[in-house]
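Structure first, commentary second.
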Amino acid sequence: MTDMGISQFKSHAVEILTLLARTQENLIITKRGKPLARVIPYKDADIIPRPGKLANTFIFEEDIVSPLGKEMWGACQ
C-alpha cells in the first residue's frame with residue numbers, strides 16, 4: 001500500500017487508477033501528511049469470497065474408511 005498527496009492524485013487520477021486496477025494495489029490519499037481516503041481496486045464479486053459463503057470449497061469423499069484401513073479407522077474413532 002502506498003501513500004500519495006491529494007494534489008498529485010488530482011493531477012494524475014486517470015493514470016493512477018489505471019495502474020491500481022492493473023496491479024491490484026491499494027492507495028492511501030493524504031492531505032498535509034494525514035490519511036484522507038483509501039482507494040481500493042474493484043474486484044469482481046464472483047472472485048471475492050463473501051464471509052460465510054463456503055459453497056464449492058470443500059471436497060467430500062464418498063469412502064472415508066478405505067484410505068486408512070479398517071484397523072486405523074477403528075483406532076481413529
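The values are calculated or read from the model by the stated rules, or taken from the named source; none is laboratory data. Since we're looking at a predicted model, the values are computed, not measured. Please note: Cβ atoms are built from the backbone with ideal geometry, for glycine as well, and neighbour counts cover all protein chains shown.
Quick look at the numbers
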quantity	calculated
Residue pairs meeting the criteria (Cβ under 6 Å; at least 6 apart or on separate chains; first farther than 12 Å from VAL39 by Cα, in the stretch 1-13; second among the polar types (S, T, N, Q))	GLY5/THR30
Any pair with Cβ under 7 angstrom, 6 or more apart, that starts in the stretch 14-38 at a residue that is more than 13 Å from MET1 (Cα to Cα) and touching a residue at least 60 places away in the same chain (Cβ under 8 Å) and ends at one that is surrounded by 13 or more Cβ atoms within 10 Å (Cβ to Cβ) and not basic (Lys, Arg)	none
Checklist (1) loosely packed, with under 10 Cβ neighbours inside 10 Å; (2) at pLDDT 70 or above applied to LEU54, failing item	(2)
